[in-house]
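Nothing in this text is a laboratory measurement; each read-out follows from the coordinates by a stated rule. Note that the coordinates shown come from a computational prediction; the quantities given were computed from them, not determined experimentally. We place every Cβ from the backbone using ideal geometry, glycine too, and count neighbours over all the protein chains shown.
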Amino acid sequence: MSDAADKLLIVGCNPKNQELLAAFIARLGYASVRADTLTELAQILDNEEPLRFALVDISGFNQEIWYLCARLHARDIPLLVISPRQSAAVRKLGYEHGAQTVMEKPLAMRELADAIHGFIQADQ
Amino acid sequence: MKASASDERLSTGVSGLDEILHGGLLPGRAYLIRGGPGTGKTTLGLHFLIAGAQRGEKALFITLEEEQEDLLTDGARSGMNLEGVDFLDLSPGSDYFAEVQTYDIFAPAEVEREPLTNRIIAAVEQIQPTRVFLDPLTQFRYLSTDTFQFRKQVLSFLRFLTERGCTILFTSEHSATTPDDDLQFMADGIIELNFDEYGRNLTVVKFRGSDFMGRSHAMKLGGAGMSVYPRLIPQNYGVTFHADLISSGLPELDKLLNGGLERGTVSFFSGPTGVGKTSLGLQFIREAARRGEYSVLFSLEEEIDIILGRSNAIQLDAAAMLDKGALLLEKIEPLQYTPDEFARRVRHEVEHNQARIVMIDSVSGYRLSMRGHDLVSQLHALIKYLQNMGVAVLLTVETAQLTGDFRVTDHEISYLADNIIFLRYLEINGEMRKAIGVLKKRLSNFEKTLREFEITGEGIRIGQPLSNLRGILTGAPTWINREGAP
């Protein structure tokens, strides 16, 4: 069983995407915590919940998402940014705000699983 | 277990199609049904499943598009009893539109395929069907990330079913932008359904492990579902018969024909409109009725009442022959049949009712009434079939010109005739008369002179040979060795 520290944070404003991601992460054997709005994300950060890793789908959020990404990075939480399209600008912004990697949608499940396992193992 | 190679065939549930497939489908194989929208793919699938269910086999319909309820309703409307057929409905319900939110985090192929596959596996393992109809398989294309994956998945899926002893029929929806060539290569057989300006037709283009009847065959969708009319291949039919002479019942006409017409030959009655071609045919039919034989007259132009009235007026009395069951007089309405359907109708009269004379009135009517193309070769096949079956075929052939230069037919089909009897108008001494003559008789000699032909209230009257006239074929003959002649 995963303890609280194993929780992965999934950030995104599309509930169906969030649901699918949570189910996928559960199948990999990890628990997740959802932030569907910027407010929820800010609260999680304020509460200083222990988190192993964050997946942030920036689609639909305003520029404030980058500020919150930077806060995640400041807490040493590995960050995977999910971009709605292939964009050099988004990629640049992602890396500037602490992303270890930037992936474009749609994500290939196998690739995402490898990325998550990789981050968790590196963290251990 | 995969079905072993044997002569066992599975009925498709459509007798005409079974005939085309030389008995039916080979079990344990996967067959593709191709066709545009509304061509009858699902109907054929239903026939296939029902045929299995009626034999006590387990039959499973996997629908990815139409709802089970709609399929049952439509099936019932077409008189198809789907009792005993199991359904796996994988079509999206209305809730999908109303409730389900869209997603883009993963490709649909990755999200949807697994639950769908699991449901199919569960249904197949629970029901253990021997017949599966999957409509349409091309939906799986949307659940594959690329064409390679699709091909691999389909092959694996079909193998999963055939290894469990299933025979599979699956449909494809294809267009110029989404061709289904890959499925065509994978399938063990391909049945193509088509709907063009001439009507519906079916073609088997591939059938691994078996021969089949090529070319397209007429098909109908109606109250009883699908009917297929295999193209008539004359050499597949034949009986042993004696080419006996059949008399016309008129001694002068028989003399002209050196005794009469032979069974198993085709005779053209050629001449302009109103000259008496149909009546001449009825003369042979009446004599056949006297011998106790059954004849059929397919009228492609005139109404039955007109034929009956006229025959009554000249003592040929077709009505009496109808009453005795010696004659069937059938009007073929314009565009009622394709040549294949008409051939099946004729075959029924020959093979089930033992018709010995078949008269088709007329060739122009056939060409105008039949739906389809290549009508001359279709008529040729029908005539050849009738000849092989020992039937005497009478064909009326109308010529456009009333008088003047002689022509047997305007249709370039005289090569089909064994016998050509022509009727024509003559002007003799300023009076309109008619003459009858024989131009060709393949199996015997014939009288080379013409005789006068007259239709009277007592019947057809054939005169003595017109031996003193010359230039008869021009329509305006002159007397030879007669006073005043040039």
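Between B:F241 and B:S78, how many nm apart are label points set 7 Å from Cα along the C-beta direction?
So the label points at B:F241 and B:S78 sit 3.7 nm apart.
Are there trypsin sites (Lys or Arg not before Pro) in segment B:21-64 that DSSP marks as loop and that have at most 13 other Cβ atoms within 10 Å, and which are they?
Of the trypsin sites (Lys or Arg not before Pro), the ones in loops of segment B:21-64 whose Cβ has at most 13 other Cβ atoms within 10 Å are B:R55.
For the pairs B:K41/B:K331; B:K255/B:K441; B:K277/B:K384; B:K152/B:K206, note any where the Cα-Cα span goes beyond 24 Å.
Checking Cα-Cα distances, B:K41/B:K331 exceed 24 Å.
For Cα pairs less than 8 Å apart in space and 6+ apart in sequence, what is the mean separation divided by the residue count of segment B:129-246, i.e. the relative contact order in percent?
Averaging sequence separation for qualifying contacts and normalising by length gives 16 percent for segment B:129-246.
Shielding of A:106-113 by partners, i.e. mean partner chain Cβ atoms within 10 Å per residue?
Mean shielding count: 4.
Note down the nm distance, to one decimal, between modelled labels 7 Å out along Cα→Cβ at B:A320 and at B:T117.
Simple spin-label model gives 8.0 nm for this pair.
Working from the alpha-carbon coordinates of segment B:1-77, get Rg over Rh, Rh being the Kirkwood radius.
Over the Cα atoms of segment B:1-77, Rg/Rh equals 0.97.
In percent, how large is the relative contact order of chain B, given Cα pairs closer than 8 Å and 6 or more residues apart?
Contact order relative to length: 14 percent.
Take chain A, connect every pair of alpha-carbon atoms lying under 10 Å apart with a spring to form a Gaussian network, then pick out the residue of A:A23, A:A89, A:A35 with the largest mean-square fluctuation.
In the Gaussian network model the winner is A:A89.
For segment B:206-311, which GluC sites (Glu not before Pro) pass both filters: DSSP loop (anything but H, G, I, E, B) and at most 13 other C-beta atoms within 10 Å?
Passing both the DSSP loop test and the Cβ count: B:E303.
Tell me whether chain A comes out rounded, prolate or oblate; compute the Cα gyration tensor, take square roots of the eigenvalues as a ≥ b ≥ c, and use a/c under 1.5 as the rounded threshold.
Rounded is the answer for chain A, as its axis ratio a/c remains below 1.5.
Counting other Cβ atoms within 10 Å, keep those with at most 15, restrict to DSSP loop, and tell me which trypsin sites (Lys or Arg not before Pro) in segment A:73-105 are left.
Hits after loop and neighbour filter: A:R75, A:R85.
If you project the alpha carbons of segment B:15-230 onto their three principal axes, what span does each projection cover, largest first, in Å?
Taking the Cα atoms of segment B:15-230, the three principal extents are 52, 38, 35 Å.
What does the charge add up to near B:E65, with Lys and Arg as +1, Asp and Glu as -1, over the other residues with Cβ less than 9 Å from its Cβ?
-4
Relative contact order (percent) for chain A, with alpha-carbon contacts under 8 angstrom and 6 or more residues of separation?
Relative contact order for chain A comes out at 22 percent.
In the calculated pair distance distribution of chain B, what percentage of Cα-Cα distances lie above 39 Å?
It works out to 42 percent of all Cα pairs.
Any idea what Rg and Dmax come out to for the protein assembly as shown if you just take the C-alpha atoms, in Å?
38.6, 136
Students often forget the sequence filter, so: which aspartates and glutamates lie under 15 Å Cα-Cα from A:K105 once same-chain residues fewer than 8 apart are removed?
A:D57, B:D104, B:E110
Need one number: nm distance between label points at B:F185 and B:R470, each 7 Å from Cα along Cα→Cβ, rounded to one decimal.
It works out to 7.6 nm between the two label points.
At 18 Å minimum axial length over the Cα atoms and a Kyte-Doolittle cut of 0.5, report the qualifying DSSP H helices in chain B, or say none.
Result, helices passing both filters: B:41-54.
I want the local charge near B:A288. Using Cβ-Cβ distances under 11 Å, sum +1 for each Lys or Arg and -1 for each Asp or Glu among the other residues.
It works out to a net charge of +3.
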